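What follows is a single structure, written as structure tokens, with notes after it.
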Amino acid sequence: MKKNDILIVSNKKYGFNIAMLGFGRLASILGTNVFNFALSLYILDITGSAAAFSTIISLSIIPGLLINLLAGAFVDRHDKKKLMVSTDILSGMIVLCFVVVFGYAHNALWLFGVYVVIVGSIQAVFGLSVNASVPQIAESKDVHKVNSMLQAISSVVSIIGPIIGALLYKSIGLKPLMISNGILLIVSGIFEIFIIFKKITNNDEELLKRRY
């Protein structure tokens with residue numbers, strides 16, 4: 001990536017941008033975690049198999065681990081704002097498309113596995129983009145605070161996500177959850193469009209290094 005292409009956020013919009021970033025991260029990870037656990041419960045209900053249940057749980061985790069190891073350079077070379085927006089909206093569209101497919105193949109376990117891997121991989125790229133964007137949209141002294149905020153969001157969601165997923169699955173069922181998750185992801189992507197960046201020049205190289 002050329003230095004001229006690297007973006008940092010305007011200080012004037014710092015608070016607004018951090019709020020949008022936090023909302024996007026919360027909406028994406030919460031919606032995905034809640035639905036993935038609900039999907040695992042659905043598979044347990046239709047198969048009665050603990051192995052099938054644990055397989056879906058594993059498939060929702062493994063893509064994130066692999067993407068985090070392999071996609072860092074890809075994220076660094078590309079516009080992080082575009083990656084955040086496109087991955088969230090794409091995830092939402094895939095979820096909504098899956099709603100239609102689910103109506104015709106509600107017992108196809110392989111299809112559920114493919115879905116979880118695809119959405120998990122896309123959302124892993126989203127997570128990398130969010131984390132890589134922090135030094136570019138936060139003041140130098142606040143980078144660690146923002147990283148801590150994002151980490152706290154992930155930690156809290158990892159605890160409450162399965163609980164919320166179980167409660168919603170039992171109360172409203174899988175299909176409404178699926179539709180809600182798809183809409184939430186798309187809304188999250190739309191909100192991220194309003195995160196404001198500005199270009200810096202080569203003269204700002206020292207400042208950029210301090211932000212990383």
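Pop out the carbon and sulfur fraction of the accessible area of the chain as a percent, whole number, probe 1.4 Å.
The computed percentage sits at 68.
What net charge do the residues around Ser129 carry, taking every other residue with its C-beta under 13 Å from that of Ser129, with Lys and Arg at +1 and Asp and Glu at -1?
+1
Quick one: grab the alpha carbon gyration tensor of the chain, order the square roots of its eigenvalues as a ≥ b ≥ c, and give me rounded if a/c is under 1.5, else prolate or oblate depending on whether a/b is larger than b/c.
Judged from the Cα gyration tensor, the chain comes out prolate (a/c at least 1.5, a/b above b/c).
Add -39500 (n - 2.57) for each DSSP H run of 4 or more in the chain, then divide by its residues: what number comes out at 222 nm, to the nearest 500 deg cm²/dmol?
So the helix-based figure for the chain works out to -28000 deg cm²/dmol.
Measuring with a 1.4 Å probe in the full set of protein chains, what accessible area per residue, in whole Å², belongs to the chain?
Computed with neighbouring chains in place, this is 50 Å² per residue.
Just subtract the alpha-carbon distance of Val101 and Glu139 from 0.36 nm times their residue separation and send over the number in nm, one decimal.
So the extension gain works out to 9.2 nm.
Need the C-alpha centroid separation for segment 146-176 versus segment 51-130, integer Å.
One Cα centre to the other: 16 Å.
Under the classification rounded if a/c is under 1.5, otherwise prolate if a/b is larger than b/c and oblate if not, where does segment 28-106 fall, given a ≥ b ≥ c as square roots of the Cα gyration tensor eigenvalues?
Oblate.
Explain nothing, just the number: dipole magnitude of the chain about its Cα centre with +1 on each Lys and Arg Cβ and -1 on each Asp and Glu Cβ, in debye rounded to the nearest 20.
500
Take the alpha carbon gyration tensor of segment 94-135, find the square roots of its eigenvalues, order them as a ≥ b ≥ c, and report rounded if a/c is under 1.5; if not, report prolate when a/b exceeds b/c, else oblate. Kindly include the intermediate steps, with their values, before the conclusion.
Numbers: a/c = 6.86, a/b = 2.88, b/c = 2.38.
Since a/c reaches 1.5 and a/b is larger than b/c, the shape of segment 94-135 is classed as prolate.
The values are calculated or read from the model by the stated rules, or taken from the named source; none is laboratory data. Model, not experiment: these values are computed from the prediction. All Cβ positions, even for glycine, are placed from backbone atoms using ideal geometry, and neighbour counts span all protein chains on display. Just so you know, the surface numbers come from the protein's heavy atoms only, side chains and all, with ligands and any DNA or RNA stripped out. Shrake-Rupley method; radii C 1.70, N 1.55, O 1.52, S 1.80 Å.
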